[in-house]
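*Asks:* For reference, the structure I am asking about is given below.
The values are calculated or read from the model by the stated rules, or taken from the named source; none is laboratory data. Owing to the predicted nature of the structure, the values given are computational and were not obtained by experimental measurement. Backbone-built Cβ (ideal geometry, glycine too); neighbour counts: all protein chains shown. Heavy atoms of the whole protein, side chains included, go into the accessibility calculation; ligands, DNA and RNA do not. Shrake-Rupley method; radii C 1.70, N 1.55, O 1.52, S 1.80 Å.
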Amino acid sequence: MSDPLVLFMPSGKRGRFPRGTTVLEAARRLGVYVESVCGGRATCGRCEIEVQEGHFAKHKILSATEHLSPVGAKEARYAEKRELAPGRRLSCSATIEGDLVIDVPQEGAANAQIVRKDADNRVIERHPAVHLRYIEVEEPDMHHPLGDLDRLKAQIRKDWGYNRLDADFHVLCDVQKTLRQGNWAVTVAIHHDEEEDAARIIALWPGLKNEAYGLACDIGSTTIAMHLVSLLSGRVVASAGAPNPQIRFGEDLMSRVSYVMLNPDGRQAMTKAVRLEISRLVDRVATEGGVNRSDILDAVFVGNPVMHHLFLGIDPTELGGAPFALAVSGAVKARAADLHLGLNSGARIYMLPCIAGHVGADAAAVTLSEGPHRQDKMMLIVDIGTNAEIVLGNRKRLVAASSPTGPAFEGAEISSGQRAAAGAIERVRIDRTTLEPRFQVIGSQLWSNEPGFAEAIAATGLTGICGSGIIEVIAEMYLSGIISEDGVVDGGLATRTARIVSQGRTFAYLLHDGEPRILVTQNDVRAIQLAKAALYAGTKLLMEKQGVERVDAIRLAGAFGSYVDPIYAMVLGLIPDCELKNVSAVGNSAGTGARMALLNRSFRREIEEVVRRIEKIETALEPKFQKHFVHAMALPNKMDPFPKLRQQMELPPCKALSEEPRRRSRGGARRKAEILKPRRRCTGQSGKES
Ligand code: FES
């Protein structure tokens, strides 16, 4: 008779095991993550599972609760003391006696995995760098004068099989008191990140402890976002965000680098400010989650290179100019205490590697999250900020660059522009016949021509237009024929509508005639053309490096990417032509990448390896950048035909321009390109801002 077949859900891993094997052991052998703190003593309750009953024809399994061993004494004792929900069993006690389908329950499984939203809905097993281990230690014996810590380590090696084990110094100071408090039973937190390194005891508690937490934090130059995550269940316990307080030293990255250059204490001030805000966020998530700060044992941080350096206390001056040298490009591991983060004394931090001096650990985190390196499709990842970080590739090859988009997408350099905040116009439509606009404002779902709109925005008012609003209004102006493919506002339409307003030698489009009066000026259109041309030129260079004429999928990351409508981004030629269904906003995928690295140390190794092989392209050194930039000044592009976009919607016919204005226009673009290039050089394109 063959051994019983056991299938674990939702991972789908299966295997045959001899009768009498514990379910926990079977899970371990298959690489299915089931937590265990007490080491199978049936005291921690972390290893709960459920049997799915029934006939699973597809798998040829007839699964029944009777195919597990009956509840034994230890399990019954646990159920009596700690309560075991109906149908639940302790996998460390229950043994396999027949074919089974085992469910790792939801609060464990949803928690224990990150279920990706990709088409394949891949389930990712969890394996954090910090584990809790319950240990019962022999009492001291005069005949065997081994120190308390040494006996503890010996027992851990014996129970859990660590070959090389060290302990943090602070643990040594506490070990005797804690062992006696716990009556020779303690829980240790063991940090073991890289397989070849020694594991380390980083914390110690008397008795059984079965909760430990970690942080996943994305330090954006505008916003800091933090998740508090249970390291045992994987559940996100609480999340919080706050503005980056460094904004008071400089709105954009380069003004912060300049602040450091010009002020002797500038670096210290900014490091202190960001760490203080992070500490406040820790307070917030800990309070919301009902968690003690000292139970936070691990933390993963991501950020662009300047944020990365300032958080670690590294002077970012070198990132301010060519060759944009990072102090460290590999992953950074440190003790949280070294950064004064006020977590557990033994807590560790991990920062993802930076891809280049202007493509940071945040882009690495997005790459980890979106996984272009795990598939064959040619995937483009764009994280748009003051500098756009761009990664293009698939499992064979990955290339990355940054493009100096400037702050136009964030509302700066736009006459009525503002950051995305309540009161900002974020959606715009223009009637193709009357050229009358309607719009939506952040904070309300109503369109401006719908009843109740004025009341709906009474609290916030109408304050300006944010990045996604600017993209939409300019794309709509193009689709309505208000601007040509060269971005020139057609003054001839002034006879048709009062929305076209003369402004000396150029014309503007009146989007809102009230308080405030919102005009989209010729300069606004130019600023967006410059920004999108820079982004597209960078993307084009990467496509050339890859030898491809089109991309299969596009992921728009970051705050701006989350709000911009992909079709309008394509109409403007901000992103290359692609099947629209394959273009998606991925929100804070840098935060997701950070959470993956927190919950599974193999993702750390994965991204470290991937970053090592990403080819970095320096756009400033590429002679073709200027040519692509000039072509990309047109809407959507002077040279690229955008066939997929044209299948989706009708684009205006190219307006026949006389040779003279065309030449003038190109010359203007070239001049603008030249204006932009020096700016990038002196600003150092040091990473996107989010
Ligand atoms: Fe602790 Fe099963 S491993 S109760």
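*Asks:* Test Gly461 against the stated conditions and say whether it is among the small types (Gly, Ala, Ser), at positive phi, modelled with pLDDT under 95 and within 34 Å of the chain's Cα centre (by Cα).
*Replies:* Against the criterion (among the small types (Gly, Ala, Ser), at positive phi, modelled with pLDDT under 95 and within 34 Å of the chain's Cα centre (by Cα)), Gly461 qualifies.
*Asks:* Something else now. Six or more apart or on different chains, Cβ under 9 Å: which pairs go from a residue in segment 23-50 that's without any contact (Cβ under 8 Å) to a residue 40 or more places away in the chain to one that's open to solvent by 10 Å² or more (accessible area, probe 1.4 Å) and near the ligand (Cβ under 6 Å from one of its atoms)? Could you list them?
*Replies:* From residues that are without any contact (Cβ under 8 Å) to a residue 40 or more places away in the chain, the pairs are Glu25/Gly40; Glu25/Cys92.
*Asks:* Let me ask another. Please count how many residues of segment 203-214 are within 16 Å of the ligand (Cβ to nearest atom), without any contact (Cβ under 8 Å) to a residue 60 or more places away in the chain and buried (at least 17 other Cβ atoms within 10 Å of the Cβ). Quick ask: steps written out before the conclusion?
*Replies:* Pass one, segment 203-214, residues within 16 Å of the ligand (Cβ to nearest atom): 205, 207-212.
Now narrow it down to the ones that are without any contact (Cβ under 8 Å) to a residue 60 or more places away in the chain: 205, 207.
Cutting the leftovers down to buried (at least 17 other Cβ atoms within 10 Å of the Cβ) gives us 205.
Count: 1.
*Asks:* Hey, among the residues in segment 344-385 that are open to solvent by 10 Å² or more (accessible area, probe 1.4 Å) and under 30 Å from Asp295 (Cβ atoms), which one's farthest from the chain's Cα centre (by Cα)?
*Replies:* Only one residue tops the list, namely Ser345.
*Asks:* Within segment 419-445, how many residues turn out to be assigned to a loop (DSSP other than H, G, I, E, B) and either at pLDDT below 95 or surrounded by fewer than 18 Cβ atoms within 10 Å (Cβ to Cβ) (or both)? I'd like the intermediate steps shown before the answer.
*Replies:* If we filter segment 419-445 for residues that are assigned to a loop (DSSP other than H, G, I, E, B), which is where we start, we get 419-423, 431-436, 442-445.
If we keep only those that are either at pLDDT below 95 or surrounded by fewer than 18 Cβ atoms within 10 Å (Cβ to Cβ) (or both) as well, we get 419-423, 431-434, 436, 442-445.
Here the count works out to 14.
*Asks:* Considering only residues that are in a strand (DSSP E or B) and open to solvent by 40 Å² or more (accessible area, probe 1.4 Å), which ones fall in segment 480-511? Before the answer, list the steps.
*Replies:* First pass over segment 480-511, keeping only residues in a strand (DSSP E or B): 483, 489, 500-503, 506-511.
Once the filter is applied, which keeps residues that are in a strand (DSSP E or B) and open to solvent by 40 Å² or more (accessible area, probe 1.4 Å), segment 480-511 yields Ser502, Gln503, Thr506, Phe507.
*Asks:* For segment 237-270, name all the residues that are in a strand (DSSP E or B), closer than 20 Å to Asp362 by Cα and not polar (S, T, N, Q). Break it down into steps so the answer makes sense when it comes.
*Replies:* Start the filter on segment 237-270 by keeping residues that are in a strand (DSSP E or B), which leaves 237-243.
Among the residues that remain, those that are also closer than 20 Å to Asp362 by Cα are: 239-243.
Ala240, Gly241, Ala242, Pro243, listed by residue number.
*Asks:* Then there is this: Report yes if Glu455 is open to solvent by 40 Å² or more (accessible area, probe 1.4 Å), farther than 28 Å from Ala632 by Cα and in a helix (DSSP H, G or I), otherwise no. I'd like the intermediate steps shown before the answer.
*Replies:* Numbers: open to solvent by 40 Å² or more (accessible area, probe 1.4 Å): yes; farther than 28 Å from Ala632 by Cα: yes; in a helix (DSSP H, G or I): yes.
Judged against the criteria, Glu455 is a match.
*Asks:* What is the one condition in (1) open to solvent by less than 10 Å² (accessible area, probe 1.4 Å); (2) in a helix (DSSP H, G or I) that Cys217 does not satisfy?
*Replies:* (2)
*Asks:* So which residues in segment 606-622 are open to solvent by less than 20 Å² (accessible area, probe 1.4 Å) and either within 24 Å of the chain's Cα centre (by Cα) or of a type in the set (D, E, K, R) (or both)?
*Replies:* Ile607, Val610, Val611, Ile614, Ile617
*Asks:* I would also like to ask the following. Filter the helices (runs of 4 or more DSSP H) completely within segment 542-659 down to those with at least 3 residues that are at pLDDT below 95 and either on the phi > 0 side of the Ramachandran plot or among the small types (Gly, Ala, Ser) (or both).
*Replies:* Values: elements: 558-563, 566-571, 589-599, 601-613, 624-632, 643-648.
The helices (runs of 4 or more DSSP H) meeting that bar are 558-563, 589-599.
*Asks:* Among the residues that make up segment 191-202, is at least one of them over 21 Å from Ala597 (Cα atoms) and open to solvent by 10 Å² or more (accessible area, probe 1.4 Å)? Before you say what the answer is, go through the steps one by one.
*Replies:* The initial filter retains those residues of segment 191-202 that are over 21 Å from Ala597 (Cα atoms), namely none.
Looking for residues that are over 21 Å from Ala597 (Cα atoms) and open to solvent by 10 Å² or more (accessible area, probe 1.4 Å), one finds none in segment 191-202, hence no.
*Asks:* Could I ask something else about it? From (1) at pLDDT 85 or above; (2) closer than 21 Å to Leu30 by Cβ; (3) open to solvent by 20 Å² or more (accessible area, probe 1.4 Å), pick out the condition that doesn't hold for Asp150.
*Replies:* (2)
*Asks:* Take Arg89 and decide whether it is within 14 Å of the ligand (Cβ to nearest atom), part of a loop (DSSP other than H, G, I, E, B), buried (at least 17 other Cβ atoms within 10 Å of the Cβ) and not hydrophobic (A, V, I, L, M, F, W, C).
*Replies:* So Arg89 fails the test.
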